[in-house]
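What follows is one structure encoded as structure tokens, with my remarks underneath.
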Amino acid sequence: MPTVIVDGKEIEIGADERLNCIEAARRAGAEIPHYCWHPGLSVVASCRMCLVETGTRDAATGKISMMPKLVPACQTPAKDGTVIVTESQLVKDSRARVEEALLIDHPIDCPICDKAGECLLQDYHFQHGQSERRADLHAFTSRRRDVGPTVTLFVDRCIMCTRCVRFTREVSGTSELMVTSRGAKEEIDVFPGHPLDNKLSGNVVDLCPVGALGDKDFLYQQRVWFMKREANVCGGCSAGCSIHTEHNQDTIYRLKPRENPHVNTWWICDEGRYGWHHIHDAARLVGAGRRANLSTDRSTPLEAVEWADVVPRLRTDLKAAGRLAVAISPMLTVEEAWMLCAVARSIDPQAFLAVGHVPRTGDDETFPGGFTIRAEKCPNRLGVEGVVALFDPSVPSWSQLVEHVRSGHADAAWITGAYPAAWIDDDTAAAFADLKCLVVQDLFDSPLSALATWRLPAAGFAERAGTWVNVAHRAQTFEQAVRPPAGVWPEGRLYWNMLGRRGLYDPTAVRRQVAESSATFAALAGEIPATGVDLRIHQLA
Amino acid sequence: MQPFKPVLLEAVGVPDGQTIASYRSRGGYEPLEQVLKQKQPVDVVEMVKASGLRGRGGAGFSTGLKWTFLPKDHPGPIYLCINADESEPGTFNNRILMEDDPHQVIEGIILSAYATRASTAYIYLRYEYPQSWQRLQTAIDEAYAAGYLGKNIKGSSFSLDIYLHRGAAAYICGEETGLIESLEGKRAWPRIKPPFPAIEGLFRKPTVVNNIETMACVAQIARRGVDWFRSIGVPADPNNPRDPGSYGPKLYCLSGHVERPGCYETPLGITARQLIDEFGGGVWKGRKAKAVIPGGISMGLMTEAELDTPLDFAGPGKVGCLGLGTAAVVVIDETVSIVDFLHNSCRFFAHESCGQCTPCREGTSWSLRMLERIKAGKGRLRDLDLLAEIGNTMGMMPGSTICGLADGAAWPIKNAIKKFRGEFEDYIKQTNPQGWMVTDPVPALQIVGSH
Ligand SMILES: Cc1cc2nc3c(=O)[nH]c(=O)nc-3n(C[C@H](O)[C@H](O)[C@H](O)COP(=O)(O)O)c2cc1C
Ligand code: SF4
Ligand code: SF4
Ligand code: SF4
Ligand code: FES
């Protein structure tokens, strides 16, 4: 195995691994500061923050010969015998000078900058900068340039790392951003008439190491140090990008990509990134409601039912109605889906179980950098299909369920939704009009909920816990990030209680149970790593 | 020294010397026809290697050796780029070659393309040379018509097209990878190396970049032979195995405060003093020289006492200059303030820095600001230390930048401060009697645009 020597410490790297000195040093616990390098972008080695001393150790004699000059760690491959020195005086002085140079023109307006608290310029200055300003005192300037619908540029804060420019050239392939002028007059700009407007645009804000690029959706909404973050999965499409939900006191402020080499690498799309606002929409359904006498007359008002009463009364109503059909939404987790099927079969052992409506728009869209936005706008079709298959190997679809109800094979139906946007039209909903009991569990009112005899609220993506299986069969387990609004029980809690299980809803216990009872989900038995597990690999093994 | 009869400049002053007829009457294109008939490409590489020719574009890298870095048996295409961006202040020898004897350059290009197995050559010409542009294009057209360019040149299996590309006026387009980026239609941001152009250059194909004067030398080596070339100039130092010597004639561009500025051809190794006195008629108006730029402003400064330094590839380095550079010798007479000189130099590099690397982008601009402030009578002694620090830490040599522009910006700063510190100190103390000793940061001046 190739051995790299970092500050005197020997570490082994994989024989086929192609690491640069930043990555190799990180393995040895040494963090080399860097601005322009990003693992998802081409190497330009221009910021010069990562300069280190390097050398080679002769394999035969063990003699170390050092390069006379500093080299960029980002551009220098770590090979067998590579010696990296990250903390010599030469290196420290060089870092201090780069920090000093970057601050010559910088407005240093951290108190009013959104990036403060998570800014590399700030952090590196404290770690590597010098305490004294030697350059002339600069008059404060703050020019803001609108570069597109989602992003704004604070021109004077830019340190010219060109990450944003490379992103639009290499990953989104849209090339809107560019560098204008030369030398210290250089600025980031867009081409006239071609704003930064692409489906991945928000990523440039994450990439920006400083507060130059601001996300209009987040700008001035929250200081970053007030927020907590929870590892979540985006519910926007079947790609299932790994994200962090950043929130404070049950309010979400932004979503950020969470690095996952198996799924989204470092990126998420704008639809996902800004797709959390429905969570705080005032029109969301809250509280459980039941139409008096289960009347199918829509003018009969819904009566509020306490959650504690929902559990027994729902079961009684559905049992009394007769033949049951249930749609298990692909927005639900594997755990919720499995419990819902179990609840349904405990009410009606012959209950017709189907995968709920699978929303789609357009076609899958792959960008030059390889990132794909999926046409299937739900996170867990594969997971729900896997669960339904355990109960009915034919895995009925939503349209089969509609047909089943329309042709009079059901007396009652329980339709789960949790869709963030409108999903059902009047005609489809009309098929459910004559049922003796119609339970609709959703985020928002719809033509279907208008017909419901039981109307139950649903949880949003960040409000549930459990497991989703993405389009590539990767199962990712996540925790609840924020609590749902008062009056909302997440689906899992209701099903847990309807199954008569004690204590707080425990998704892990359910997950283990699902894993034990099925080959499809066998991989879910143990601890799930943050980047998820591939269900197929474990099935083969 | 015996008088040297110009070779590279032989067409200067010849009526219609730029035409193909004139060039052929002087023996031109004959060597090319012989080479195509009798020699393999590798023979031409060996010939140029044996001649000891070093690139005339500034870095002085052995031309034959550079060609051998190309991958063997490459399926092609291989590109030859001819650097005619000539933007180093004080330099104008490429221009004279292109305007007065373009066929000499073109024959050199054809020979070099043959040697490197390139079938496409680009001449990257700086925008400010309209006359060169016209003369070169006319000459290229003539060469096509005479069968020296195009398919199956003179019945051989060798084909070559030359394209003349006009830049948009930026110094950085002369840096070889900046040139390549610019040719590809991009912003001329020099590339990181490796890969070197010989492995992956223009359009990601193996590429050689050579200077115009280097091409003229190749033509003359083919015509007059390796021995002739090696009989001129300064032989390799036998005590220094790493010195490849400085062979051949060289075009020195003499300008500034001399009686007779101009482009003079002499063997490599003439001293600055000889050049100024024997060719330039001495420093003008009977004055003395205060300082001399040895090879373009990037190379730094020699003092009057250092003028006996031979201007070969090794000479200027021995007195703390960066190197021979483009051999553009600029004389600065005793009446000139060295503060003005450095201000002008800093302004040039701040304007021309491509802006990629933090140390160059900010270092060139910071040094200009300090010089602006010093000139405005608000200098501090501390500024000299800061300037010296910038000069010592900015560039490829300390490892802090991607290309050599930063070294070229650093050298005048560090030479000027080191060699003329007293003058700077006097200037600062006299113009800023109240504040020269301040060490705290002072308010920045409004910078006047350098355009
Ligand atoms: C900032 C900068 C500017 C340069 N400008 C020129 C130029 O105008 N012409 C030139 O021939 N070489 C220039 N060079 C040198 C080239 O990079 C390259 O070394 C040269 O063209 C190689 O040709 P040669 O081997 O024939 O000398 C420049 C280098 C730097 C760093
Ligand atoms: S805007 Fe941000 S990401 Fe873009 S070049 Fe400037 S500092 Fe880098
Ligand atoms: S691609 Fe899909 S999963 Fe990824 S962020 Fe966008 S919507 Fe979310
Ligand atoms: S050294 Fe200067 S000119 Fe050269 S690449 Fe870096 S910033 Fe550009
Ligand atoms: S991170 Fe290596 S030079 Fe910028």
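The values are calculated or read from the model by the stated rules, or taken from the named source; none is laboratory data. Just so we're clear, the structure is a prediction, and the values are computed from it rather than from any experiment. Neighbour counts are summed over all protein chains in view; Cβ atoms, including those assigned to glycine, are modelled from backbone coordinates with ideal geometry. These accessible areas exclude ligands, DNA and RNA; they are computed on the full protein's heavy atoms, side chains included. Shrake-Rupley method; radii C 1.70, N 1.55, O 1.52, S 1.80 Å.
Among the residues of segment B:369-385, the one identified as within 9 Å of chain A (Cβ to nearest Cβ), open to solvent by 10 Å² or more (accessible area, probe 1.4 Å) and closer than 26 Å to A:SER46 by Cα is B:ARG369. Taking every residue in segment B:401-427 that is buried (at least 22 other Cβ atoms within 10 Å of the Cβ) and pairing it with any residue that is acidic (Asp, Glu), at least 6 positions away or on another chain, the pairs with Cβ-Cβ distances below 6 Å are B:CYS403/B:GLU175. Looking only at segment B:139-188, residues that are at positive phi and among the charged types (D, E, K, R) come to 1 in all. Scanning segment A:31-53 for residues that are open to solvent by 10 Å² or more (accessible area, probe 1.4 Å), at the interface with another protein chain (Cβ under 10 Å from one of its Cβ atoms) and away from ligand 4 (no atom under 16 Å from the Cβ) yields a single hit, A:GLU53. For A:ALA375, the criteria (1) under 23 Å from the mean Cα position of the chain (by Cα); (2) farther than 26 Å from A:VAL533 by Cβ; (3) not basic (Lys, Arg) hold in every case but one, which is (2).
Residue selection: B:THR266 fails the criterion of being of a type in the set (Val, Ile, Thr), open to solvent by 10 Å² or more (accessible area, probe 1.4 Å) and either within 14 Å of chain A (Cβ to nearest Cβ) or touching a helix residue (DSSP H, G or I) at 6+ places or on another chain (Cβ under 9 Å) (or both).
For segment B:333-346, indicate whether the set of residues that are open to solvent by less than 10 Å² (accessible area, probe 1.4 Å), out of contact with any strand residue (DSSP E or B) (no Cβ under 8 Å at 6 or more places or on another chain), within 13 Å of another protein chain (Cβ to nearest Cβ) and touching a residue at least 60 places away in the same chain (Cβ under 8 Å) is non-empty.
The answer is yes; a qualifying residue exists.
Residue-by-condition table, conditions (1) assigned to a helix (DSSP H, G or I); (2) under 21 Å from A:LEU535 (Cα atoms); (3) polar (S, T, N, Q); (4) open to solvent by less than 30 Å² (accessible area, probe 1.4 Å):
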| site | (1), (2), (3), (4) |
| --- | --- |
| A:VAL471 | no, yes, no, no |
| A:ALA475 | no, yes, no, yes |
| A:GLY492 | yes, no, no, yes |
| A:GLN513 | yes, yes, yes, no |
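Those helices (runs of 4 or more DSSP H) of segment B:162-230 in which at least 3 residues are within 15 Å of ligand 1 (Cβ to nearest atom), considering only elements entirely within it, cover B:176-183, B:212-224. Filtered by the rule that a residue be under 13 Å from B:ALA222 (Cβ atoms) and either open to solvent by 10 Å² or more (accessible area, probe 1.4 Å) or touching a Cys at 6+ places or on another chain (Cβ under 7 Å) (or both), segment B:48-70 gives B:ALA50, B:LEU53. Filtered by the rule that a residue be open to solvent by 60 Å² or more (accessible area, probe 1.4 Å) and modelled with pLDDT of 95 or more, segment B:166-175 gives a lone residue, B:ARG166. Look at segment A:120-143: where a residue is more than 20 Å from B:ASP385 (Cβ to Cβ) and a partner is open to solvent by 40 Å² or more (accessible area, probe 1.4 Å), sitting 6+ places away or on another chain with Cβ atoms under 8 Å, you get A:GLN122/A:CYS110; A:HIS128/A:LYS92; A:ALA139/B:PRO443.
Take the residues in segment B:50-89 that are within 16 Å of ligand 4 (Cβ to nearest atom) and in a loop (DSSP other than H, G, I, E, B); name whichever of them is farthest from B:ILE293 (Cα to Cα). Among those that are within 16 Å of ligand 4 (Cβ to nearest atom) and in a loop (DSSP other than H, G, I, E, B), it is B:ASP85. Within segment A:96-113, one or more residues are surrounded by 20 or more Cβ atoms within 10 Å (Cβ to Cβ) and either more than 14 Å from chain B (Cβ to nearest Cβ) or more than 21 Å from A:CYS161 (Cβ to Cβ) (or both). For segment B:25-49, a residue qualifies if it is within 27 Å of B:CYS253 (Cα to Cα) and part of a helix (DSSP H, G or I), and the qualifying residues are B:VAL48, B:LYS49.
If you filter segment A:66-95 down to residues that are of a type in the set (S, T, N, Q), surrounded by 19 or more Cβ atoms within 10 Å (Cβ to Cβ) and more than 11 Å from chain B (Cβ to nearest Cβ), you find that the one that is farthest from A:PRO209 (Cα to Cα) is A:THR82.
What number of residues within segment A:374-426 satisfy the criterion of being in a loop (DSSP other than H, G, I, E, B), over 17 Å from A:ASP442 (Cα atoms) and among the hydrophobic types (A, V, I, L, M, F, W, C)?
Narrowing segment A:374-426 to residues in a loop (DSSP other than H, G, I, E, B): A:374-375, A:377-380, A:392-397, A:407-411, A:417-425.
Add one more test, that the residue is over 17 Å from A:ASP442 (Cα atoms), and what stays is A:374-375, A:392-397, A:407-411.
Now restrict to residues that are among the hydrophobic types (A, V, I, L, M, F, W, C): A:375, A:395, A:410.
Counting residues in segment A:374-426 that are in a loop (DSSP other than H, G, I, E, B), over 17 Å from A:ASP442 (Cα atoms) and among the hydrophobic types (A, V, I, L, M, F, W, C) gives 3.
If you go through segment A:150-169 and pick out every residue that is within 16 Å of ligand 5 (Cβ to nearest atom) and within 14 Å of another protein chain (Cβ to nearest Cβ), you end up with 8. Filtering B:GLU389, B:GLU352 for residues that are acidic (Asp, Glu), open to solvent by less than 30 Å² (accessible area, probe 1.4 Å) and within 30 Å of A:MET67 (Cβ to Cβ) leaves a single hit, B:GLU352.
Checked against the criterion of being surrounded by fewer than 23 Cβ atoms within 10 Å (Cβ to Cβ) and more than 16 Å from ligand 2 (Cβ to nearest atom), segment B:99-112 has at least one qualifying residue. It is to be established whether one or more residues within segment A:51-68 are away from ligand 1 (no atom under 16 Å from the Cβ), under 28 Å from the mean Cα position of the chain (by Cα) and not acidic (Asp, Glu). No, every residue in segment A:51-68 fails to be away from ligand 1 (no atom under 16 Å from the Cβ), under 28 Å from the mean Cα position of the chain (by Cα) and not acidic (Asp, Glu).
Residues in segment B:178-207 that are within 16 Å of ligand 5 (Cβ to nearest atom) and open to solvent by less than 30 Å² (accessible area, probe 1.4 Å): B:PRO190 only. Basic (Lys, Arg), within 15 Å of ligand 2 (Cβ to nearest atom) and surrounded by fewer than 17 Cβ atoms within 10 Å (Cβ to Cβ): does that describe A:ARG145? It is true that A:ARG145 is basic (Lys, Arg), within 15 Å of ligand 2 (Cβ to nearest atom) and surrounded by fewer than 17 Cβ atoms within 10 Å (Cβ to Cβ).
Of all positions in segment B:118-139, none carries a residue that is assigned by TED's automatic domain parsing to the domain that holds B:PRO41, open to solvent by 60 Å² or more (accessible area, probe 1.4 Å) and of a type in the set (Gly, Ala, Ser). Pairs are defined by a Cβ separation below 9 Å, a sequence spacing of at least 6 or placement on different chains, a first member in segment A:35-52 that is in the same structural domain as A:ARG157 (by TED's automatic domain parsing), and a second member that is among the aliphatic types (A, V, I, L, M) and within 14 Å of ligand 4 (Cβ to nearest atom); no pair meets this definition. Taken as a whole, the structure leaves B:SER255 outside the set of residues that are open to solvent by less than 30 Å² (accessible area, probe 1.4 Å), in the same structural domain as B:LYS318 (by TED's automatic domain parsing) and part of a helix (DSSP H, G or I). Would you check which residues across segment B:348-368 are among the aromatic types (Phe, Trp, Tyr) and within 8 Å of chain A (Cβ to nearest Cβ) and list them? Of everything in segment B:348-368, just one residue is among the aromatic types (Phe, Trp, Tyr) and within 8 Å of chain A (Cβ to nearest Cβ), namely B:TRP366.
Per-residue answers, yes or no, for (1) buried (at least 24 other Cβ atoms within 10 Å of the Cβ); (2) part of a helix (DSSP H, G or I):
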| site | (1), (2) |
| --- | --- |
| A:VAL310 | no, yes |
| A:ARG315 | no, yes |
| A:LEU318 | yes, yes |
| A:ALA325 | yes, no |
| A:LEU332 | yes, no |
| A:ALA337 | yes, yes |
| A:PRO349 | no, no |
| A:ASP363 | no, no |
